[in-house]
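A short write-up of the structure that comes next.
The values are calculated or read from the model by the stated rules, or taken from the named source; none is laboratory data. All figures in this text were calculated on a predicted structure; none of them were measured in a lab. Don't worry about glycine lacking a Cβ; one is built from the backbone with ideal geometry, like all the others, and counts go over all protein chains shown. Only protein heavy atoms, including side chains, enter the accessible area calculation; ligands, DNA and RNA are left aside. Shrake-Rupley method; radii C 1.70, N 1.55, O 1.52, S 1.80 Å.
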Amino acid sequence: MTTAPSASAAPQDNPVSWMNAATHACLNWRDSHGNSNAKPGVCDDSTSRGISQWRETPVDGKYWTFRPYSGDGANLCLTSYNTLVYLEACQDGNWWQQWEEVWTDSGWKLKHRGAGDVAGYFLDTDGLRLYTEPGNAGMNQVWR
């Protein structure tokens, strides 16, 4: 799997993939039933537009949106509301669809912009589902 470049170096529409450091599951945009849905799963690096490939687009130099790198999901964005993580139609300026790439010594953490009590939560997985939680030292919040 490719490692995401630093936020300052990533061009618009750059394909990236994210593999979880603890579970080795990839952040996929299609589930095992063929539905557009954000799920952890087996990494698909068969093509540059596989279900593990995301198109990162800069919002403002700090935050990014992540869209499936495919025609059939091109207008869907990785979204988190409260602690749920899913795909929904992209909306300009929607903070629930914006993510910051934070480098750590172990890899990247994807920090959700959000608002209110859940602002600044991190993308997390147990290998079966995706969610956001406050930052911690666990590897389930680290993506490579």
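Structural remarks
- For Asp92 and Ala137, the FRET efficiency from 1/(1 + (r/R0)^6), where r spans their Cβ atoms and R0 equals 30 Å, is about 0.30.
- Matching the structure-derived Rg and Dmax of the Cα atoms in Å against the labelled list (i) 14.0, 42; (ii) 22.9, 75; (iii) 13.4, 39 gives the label (iii).
- Residues whose placed amide H lies under 5 Å from that of Cys43, excluding near-sequence neighbours: Cys26
- Partner aspartates and glutamates whose Cα lies under 19 Å from the Cα of Lys111, excluding those fewer than 8 positions away in the same chain, are identified as Glu56, Asp60, Glu88, Asp92, Glu100, Glu101, Asp124, Asp126, Glu133.
- Close amide H pairs (under 5 Å, H built 1.01 Å from N) link Gly135 with Phe122, residues at least 5 positions away or on another chain.
- The gain in end-to-end length when the Ser106 to Leu84 segment is fully stretched comes to 5.5 nm, 0.36 nm per residue minus the alpha carbon separation.
- Dimensions of the range 99-139 along the principal axes, based on C-alpha atoms and rounded to the nearest Å, stand at 28, 24, 15, largest first.
- Amide H partners (placed H, <5 Å) of Val59, local residues excluded: Trp64, Thr65
- For the range 27-144: accessible area per residue (Å², 1.4 Å): 48
- For the range 41-126, the carbon plus sulfur part of the accessible surface works out to 49%, probe radius 1.4 Å.
- Net lengthening on full extension, Asn75/Arg49 (0.36 nm per residue, minus Cα-Cα): 7.9 nm
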